[in-house]
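Here's the structure, in structure tokens; my notes come after.
The values are calculated or read from the model by the stated rules, or taken from the named source; none is laboratory data. Quantities reported herein were computed from a predicted structural model and do not represent experimental measurements. Glycine also receives a Cβ, built like all others from the backbone with ideal geometry; neighbour counts cover every protein chain displayed.
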Amino acid sequence: MLVVMLLECGVGMIPRCIPLTENWKNGVTYMNCFSAGIFLSMSLVHIMPEANEIWEDHVKKMKIERAFPLPFVLYLVGYLLILFTDKVVASRY
């Protein structure tokens, strides 16, 4: 898996190494949006239902009547933290 990830990172750096692509900002932006969409959809389709199921099992085990929707709040906080960090880092470079 490590080799595959290194290959993917290497292929992703190709546009940065070719001088002709310096003016091709839209293509890199579209690729960024596509990869962000994949991560977002995987987290919503796979991780969130599993986290909610684990949370509901915990709530039933602890016999809590009205539980706070903690997985959803943590998902939102994590998303906003990543967005804020990205905006701060992107504004400096």
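What to note about this one:
Here's the yes/no breakdown for (1) modelled with pLDDT of 80 or more; (2) β-branched (V, I, T); (3) touching a Phe, Trp or Tyr at 6+ places or on another chain (Cβ under 8 Å):
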site: V28; (1), (2), (3): no, yes, no
site: S41; (1), (2), (3): yes, no, no
site: L44; (1), (2), (3): yes, no, no
site: N52; (1), (2), (3): yes, no, yes
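- Residue in the range 48-62 that is touching a Pro at 6+ places or on another chain (Cβ under 7 Å) and among the aromatic types (F, W, Y) present: yes
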